[in-house]
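**Student:** I'd like to ask you about the structure that follows.
The values are calculated or read from the model by the stated rules, or taken from the named source; none is laboratory data. Only a predicted model underlies this, so the values are computations on that prediction, with no experimental measurement involved. For neighbour counting, all protein chains shown are included, and Cβ atoms are generated from backbone atoms with ideal geometry for every residue, glycine included. Protein only, heavy atoms only, side chains kept; ligands, DNA and RNA dropped before computing areas. Shrake-Rupley method; radii C 1.70, N 1.55, O 1.52, S 1.80 Å.
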Amino acid sequence: MTKLEEILAFNREFVARKEYEAFKTTKFPDKRLVILSCMDTRLEELLPKAMNLRNGDFKHVKSAGAIVSHPFGSVMRSILVALYALNAEEVMVVGHYDCGMSMISAEDMLNKMKQQGIAAETISLLQNAGINLKTWLRGFDSVEESVKRSVEVIANHPLLPRRVPVHGLLINPETGQLDLVVNGYERIAADE
């Protein structure tokens, strides 16, 4: 049985037993938060529990490294949708210690792509079209600095209301301990 077949078989039973009822909520986040976090599997259940958040409390946007790689990309669009259409009022960027993005090498990624059958001509074509794959695929040296950069991109976005606090946090993926990197309320206070 394939992974897809396993999931679909389980889902039929899940629906038949009405197990979905335990997760009913609305599309509006009860705590009016939108959180950008890393896609690390260790954070799936740990992050909400460590932050005292339940199903329905927040909008969760994920990207590798909790990075906003482009101010007009899908991550930023999702944050703006959460704020303007879904009643979120604050943004939290949550990176984590021991993040795989700190170990990412663009050169290694490109080599792995070639090993998986991506033609060197394709990579060359993209680079000649003005796409800097080494910049796009790079990781970071400091998770703290990366969180600060993502906070800056969000907080300084021309479509983000100045009254929206954008916080930066780091979570320990082993213990759930949160460390404050950026207090978004300070920017709001400084603007007043």
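**Student:** Return a yes/no flag: does the range 132-144 have any residue that is without any contact (Cβ under 8 Å) to a residue 12 or more places away in the chain and not polar (S, T, N, Q).
**Tutor:** No, the range 132-144 contains no residue that is without any contact (Cβ under 8 Å) to a residue 12 or more places away in the chain and not polar (S, T, N, Q).
**Student:** Now for a separate question. Can you find a residue that is touching a residue at least 24 places away in the same chain (Cβ under 8 Å), within 30 Å of TYR97 (Cβ to Cβ) and touching a Leu at 6+ places or on another chain (Cβ under 8 Å) anywhere in the range 10-32?
**Tutor:** Scanning the range 10-32 turns up at least one residue that is touching a residue at least 24 places away in the same chain (Cβ under 8 Å), within 30 Å of TYR97 (Cβ to Cβ) and touching a Leu at 6+ places or on another chain (Cβ under 8 Å).
**Student:** Among the residues of the range 179-192 satisfying the criterion of being open to solvent by less than 50 Å² (accessible area, probe 1.4 Å), at pLDDT 95 or above and among the aliphatic types (A, V, I, L, M), which is nearest to ARG77 (Cα to Cα)?
**Tutor:** VAL182
**Student:** Take the range 1-59 and flag every residue that is of a type in the set (Ser, Thr, Tyr) and assigned to a loop (DSSP other than H, G, I, E, B). Step through it out loud before you land on a result.
**Tutor:** The first filter runs over the range 1-59 and keeps only residues of a type in the set (Ser, Thr, Tyr), leaving 2, 20, 25-26, 37, 41.
THR2, THR25, THR26, THR41 - these are the residues of the range 1-59 that are of a type in the set (Ser, Thr, Tyr) and assigned to a loop (DSSP other than H, G, I, E, B).
**Student:** Among the residues of the range 145-178 satisfying the criterion of being among the hydroxyl-bearing types (Ser, Thr, Tyr) and open to solvent by less than 10 Å² (accessible area, probe 1.4 Å), which is nearest to the chain's Cα centre (by Cα)?
**Tutor:** SER150
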